[in-house]
Amino acid sequence: MARIRDQDACPGALQVHQAADGALARVRLPGGMISAQQLEAVALAATRWASPAMELTSRGNIQIRAVTDTAAVADALASTGLLPSDSHERVRNIVASPLSGRVGSAADVRGLVTELDHAIQARPALAGLPGRFLFGLDDGRGDVSGLAPDAGIHLVGDDSAALLLAGRDTGVRLSIPDAVGSLVTVAGRFADSRGTCWRIGELGDTEQLLAGFAVTTQPGATWPPVSRPPVGWIEQNDGRVALGAAVPLGVLDARVAEYLAAINAPMVMTPWRSVLVFDLEEEVADVALRVLAPMGLVFDENSPWLSISACTGSPGCEHSLADVRSDAAAAVAECRRPSGSGEAPAAGRRHFVGCERACGSPPAGDVLVASEDGYRPRNTHP
């Protein structure tokens, strides 16, 4: 099914969206990767020229709301390397297995993130991709393939990868050196033939995207969606420590971001609205955990915050019928209430949204839509 609108209004850092609370800028972070210096720059920009309540997105990006000086924010981002291409900044949408190369026995796709990012920017035609088009690099553990990226690879060995379209195995097998070139080829063909479609899953026929590729394996395999982030104290393969922290409702206060940056370690913003801080010695990790936990970051894998999320809602979004974040927070409080004679709080993954657009919905779980009479389940998953 094709979209009604021909033009995609998905925001970037240069093409901002005028929300109810002001201009919204979205900073793409390929693979969710961000340095301490870059995060500090984003936090300072939000503090000076926008709302300090930054948002993590379901693609591992960062949003800055209520921007009062869009040029100043763009300049601040560019100065730290977060805007390497004016023409392609909205289409650098890459999700990758966030623990790749550091935790577990799966292969390392971190180098492919950088290679793919450069390849996207080097193709002028790819600047015409919709801002929603998503690339995925799964190292074989199956965490991001379940997000159904438009064009992706899923490693199936040390030297082979499955080519995915809309999260489904096409039956095409690629050598690792050919992976990035193949993804760029598929994306280019989509850009040329998409009509009014924004996602590959909206195409009725994808055969033209695979012209020239050899199908050598039974196609059709998919991967179950992952909806909970890795949190807590995580042992890396090299003996160092990674800290995983969920960010309640994806709202990362600029002050908390500054404390994260002060650790001066590599970080990844995950598609599950969490942050991973890598390569820490145990002493540093222990101090960081003691400082950050009281600031609201969630390191407990049993926390109800890991099962509840929400869109922006009102007053930030003019389409919303409710302050969904407040209602989501109330649902967390209900989960924490001691059990008694009353009805037990609902369990399972829940995403609260203010309208039928259901922005930011996770790939699995219940989507609850605000109405005049409270919340009702969305009939179909977005």
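Of the listed residues Arg336, Arg141, the order by accessible area with a 1.4 Å probe, largest first, is Arg336, Arg141. Protection proxy ranking for 115-123, 58-66, using the average of other Cβ atoms within 10 Å per residue and placing the highest first: 58-66, 115-123. When every Cα-Cα distance of the stretch 218-304 is counted in 10 angstrom steps from zero, the calculated P(r) takes the values 16, 50, 23, 8, 3, 0 percent. Placing dummy labels 7 Å off each Cα toward the beta-carbon, the span from Asp373 to Trp233 is 5.1 nm. With both residues required to sit in the chain, DSSP beta bridges show an antiparallel share near 75%. Between Pro224, Pro266, Pro294, where does the largest GNM mean-square fluctuation fall for the chain, given springs only between Cα atoms within less than 10 Å? Judging by the Gaussian network model, the answer is Pro294. Figure note: Asp169, Asp69 ranked by solvent-accessible area, largest first, 1.4 Å probe, ligands and nucleic acids not counted: Asp69, Asp169. Using a Gaussian network model of the chain in which every pair of alpha carbons under 10 angstrom is joined by a spring, one finds that among Cys311, Cys335, Cys355 the greatest mean-square fluctuation is at Cys335.
Mean residue ellipticity, 222 nm, helices only, the chain: the sum of -39500 (n - 2.57) across DSSP H runs of n ≥ 4, divided by residue count and rounded to 500, is -7000 deg cm²/dmol.
Projected label points at Leu321 and Thr47, each 7 Å from Cα along the beta carbon direction, are separated by 4.0 nanometres.
Computed from the Kirkwood radius of its Cα pairs, the Stokes-Einstein diffusion coefficient for the stretch 91-183 at 25 °C and 0.890 mPa s stands at 189 µm²/s.
Counting only protein heavy atoms and using a 1.4 Å probe, what share of the accessible area of the chain belongs to carbon plus sulfur, as a whole percent? For the chain, the apolar C and S fraction of the accessible surface comes to 50 percent. At an R0 of 56 angstrom, the distance between the Cβ atoms of Arg255 and Thr206 translates into a FRET efficiency of 0.75. Mean separation of Cα pairs under 8 Å and 6 or more residues apart, divided by the residue count, gives the stretch 185-306 a relative contact order of 26 percent.
If you run the Gaussian network model on the chain, springs between alpha carbon atoms under 10 Å, then out of Gly31, Gly201, Gly104 the most flexible one is Gly104.
Counted residue by residue at 0.36 nm each, then reduced by the alpha carbon distance between them, the extension gain from Thr222 to Ser79 reaches 47.5 nm. Decide, for the stretch 1-104, between rounded, prolate and oblate: order the square roots of the alpha carbon gyration tensor eigenvalues as a ≥ b ≥ c, take rounded if a/c falls under 1.5, and otherwise choose prolate if a/b is larger than b/c, else oblate. Because a/c hits 1.5 or more and a/b fails to exceed b/c, the stretch 1-104 counts as oblate.
Select from Phe133, Val251, Ser320 the residue farthest towards the positive end of the dipole of the chain; place +1 on Cβ of Lys and Arg, -1 on Cβ of Asp and Glu, and compute about the Cα centre. Value: Ser320. Tell me, Kirkwood radius of the stretch 241-382 from alpha-carbon pair distances, in Å? About 16.5 Å, per the Kirkwood formula over Cα pairs. One chain, two ends: Arg337 and Ala214. Fully extended at 0.36 nm per residue, the span grows by 38.7 nm beyond their Cα-Cα distance.
Taking all protein chains together, Met267, Met33 sort by accessible area into Met33, Met267, largest first [probe 1.4 Å].
Computed from the alpha carbon atoms alone, the convex hull of the chain holds 142 Å³ per residue. Pairwise alpha-carbon distances in the stretch 198-268 exceed 20 Å for 60% of all pairs.
For the chain, the solvent-accessible area of protein heavy atoms averages 43 Å² per residue (probe radius 1.4 Å; ligands and nucleic acids excluded). Here the chain is assigned +1 on the Cβ of each Lys and Arg and -1 on the Cβ of each Asp and Glu. Its dipole about the Cα centre then comes out at about 640 debye.
With R₀ set to 22 Å, the beta-carbon distance separating Ala330 from Thr380 gives a calculated FRET efficiency near 0.30.
The values are calculated or read from the model by the stated rules, or taken from the named source; none is laboratory data. All values reported here derive from a predicted model rather than from experimental measurement. Note that each Cβ is placed from the backbone with ideal geometry, even for glycine, and that neighbours are counted across all protein chains shown. Areas reflect the complete protein model, heavy atoms only, side chains present, ligands, DNA and RNA absent. Shrake-Rupley method; radii C 1.70, N 1.55, O 1.52, S 1.80 Å.
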